[in-house]
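The values are calculated or read from the model by the stated rules, or taken from the named source; none is laboratory data. Fair warning: this is a prediction, and the values are worked out from it, not measured in the lab. Neighbour counts are summed over all protein chains in view; Cβ atoms, including those assigned to glycine, are modelled from backbone coordinates with ideal geometry. Surface areas here come from the heavy atoms of the whole protein model, side chains and all, with no ligands, DNA or RNA. Shrake-Rupley method; radii C 1.70, N 1.55, O 1.52, S 1.80 Å.
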Amino acid sequence: MSPQKSAETATPSSAILLIFASGLVFSFLDTSAKHLVTSGMAAPFVTWVRFAVHAAIVLVLFRAWERPERLVPQSLWLQILRAVFMFGSTIFNFLALQTLQLAETVSINFASPMVITALAGPLLGEWAGWRRWLAVFVGFVGVLVITRPGFGGFDMGHIFSLCAMLSSSLYTIMTRQMGRRETAESLILYSAVVPAIFMLPAVPLAGSLPVHLYDWLVLFGLGVFGGFGHWLLIKAYQRASATALAPYPYLQMVWMIILGWLVFDQLPDRWTLAGAMIIVASGLYIIHREHTLRVRNRAAPNAEVEELAKSFDLPLNNGIRL
């Protein structure tokens, strides 16, 4: 193997550590959301705070007043539609967390690469071959193992989680479709600002303010975790490609299991673990197949942040960049 090829295939340890850290931070996000919605706070209000704080952080750290032209969308309606899918992914996930364990929701979300593969044909013209279709079917079996419809394990939480996964998949497909035309700044900004504005009329109806200082900190921490998690991903994709890092986000399952046990005294059952392993195996095969065929495809949670990492380097602000 030539030195050049070795340099191309090597994945820096710093990038892997950043991916691990981002998974931990996003696990904190879901853990915080589950704490709030299970303690009685309305999921729509929690969702609004998550996006409002995130939007404020983005505006400040992007220094929007210095480069406003970078925030002007080429297609406002497509930006809004994409942000609606982002909103759906978040609020459905928060609703699912009212009844499901952290490990269950993240396992179902791992099926997103399979859904993207299935939808990329009719929506993007990227038709999958029979091997990837077989992997999609295997991933679907994994989802069935987790949800077990007809066997007493299927409830509204699973429906919400499936809707979150579908919304996330559509959001990613639109990100891939719009990434060539829209600036990375506008992609990440509108995905936070639009849901915050969209949910604003519902705040007086769904708002339920925390009583304790701890819950206030957890509530505002949602936007911080979301923003910091994206920053960690951006730093990771400045060091390595999406293909090289694609397998590592699956290790978020470890953080979710640990936090679910420590915070909620919940451990996933054998069905959830078995289904998660099936889904992860299917997703890893799809990633491997797409890399082998040199398909221009990105892992579901990473498309936006990789575009952002490639396009510009944001100035440091209190040690955190977004």
Residue check for SER107: modelled with pLDDT of 85 or more and either surrounded by 22 or more Cβ atoms within 10 Å (Cβ to Cβ) or out of contact with any strand residue (DSSP E or B) (no Cβ under 6 Å at 6 or more places or on another chain) (or both) = yes
Looking only at region 32-91, count how many residues are within 20 Å of SER186 (Cα to Cα), more than 18 Å from the chain's Cα centre (by Cα) and either open to solvent by 60 Å² or more (accessible area, probe 1.4 Å) or hydroxyl-bearing (Ser, Thr, Tyr) (or both).
-> 14
When region 148-196 is checked residue by residue, the ones that are surrounded by 16 or more Cβ atoms within 10 Å (Cβ to Cβ), closer than 18 Å to PRO44 by Cα and β-branched (Val, Ile, Thr) are VAL193, VAL194
Evaluate region 2-17: report whether one residue or more is modelled with pLDDT under 90, open to solvent by 20 Å² or more (accessible area, probe 1.4 Å) and touching a helix residue (DSSP H, G or I) at 6+ places or on another chain (Cβ under 7 Å).
-> yes
Could you say whether any residue in region 251-259 is closer than 14 Å to LEU18 by Cα and of a type outside the set (A, V, I, L, M, F, W, C)?
-> yes
Residues of region 131-177 satisfying the condition of being modelled with pLDDT under 80, farther than 13 Å from GLY275 by Cβ and in contact with a Ser or Thr (Cβ under 7 Å, 6 or more places away or on another chain) = ARG132, ALA135, VAL136
What is the one condition in (1) surrounded by fewer than 19 Cβ atoms within 10 Å (Cβ to Cβ); (2) in a helix (DSSP H, G or I); (3) at pLDDT below 85 that ALA274 does not satisfy?
-> (3)
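Is one or more of the residues making up region 64-71 in contact (Cβ under 8 Å) with a residue 24 or more places away in the chain, out of contact with any strand residue (DSSP E or B) (no Cβ under 9 Å at 6 or more places or on another chain) and within 25 Å of ILE173 (Cβ to Cβ)?
Initially, region 64-71 is screened for residues in contact (Cβ under 8 Å) with a residue 24 or more places away in the chain, giving 64, 67, 70-71.
In the following step, the residues that additionally are out of contact with any strand residue (DSSP E or B) (no Cβ under 9 Å at 6 or more places or on another chain) were identified as 64, 67, 70-71.
In the following step, the residues that additionally are within 25 Å of ILE173 (Cβ to Cβ) were identified as 70-71.
Taking every residue of region 64-71 in turn, at least one turns out to be in contact (Cβ under 8 Å) with a residue 24 or more places away in the chain, out of contact with any strand residue (DSSP E or B) (no Cβ under 9 Å at 6 or more places or on another chain) and within 25 Å of ILE173 (Cβ to Cβ).
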Does LEU284 satisfy the condition of being aliphatic (A, V, I, L, M), assigned to a helix (DSSP H, G or I), without any contact (Cβ under 8 Å) to a residue 40 or more places away in the chain and farther than 15 Å from PHE28 by Cβ?
-> yes
Quickly run through region 208-225 and pick out the residues that are at pLDDT below 85 and open to solvent by less than 40 Å² (accessible area, probe 1.4 Å).
-> SER208, PRO210
Criterion (in contact (Cβ under 8 Å) with a residue 12 or more places away in the chain and under 25 Å from ALA43 (Cα atoms)) met by exactly one of LEU124, LEU95 | LEU95
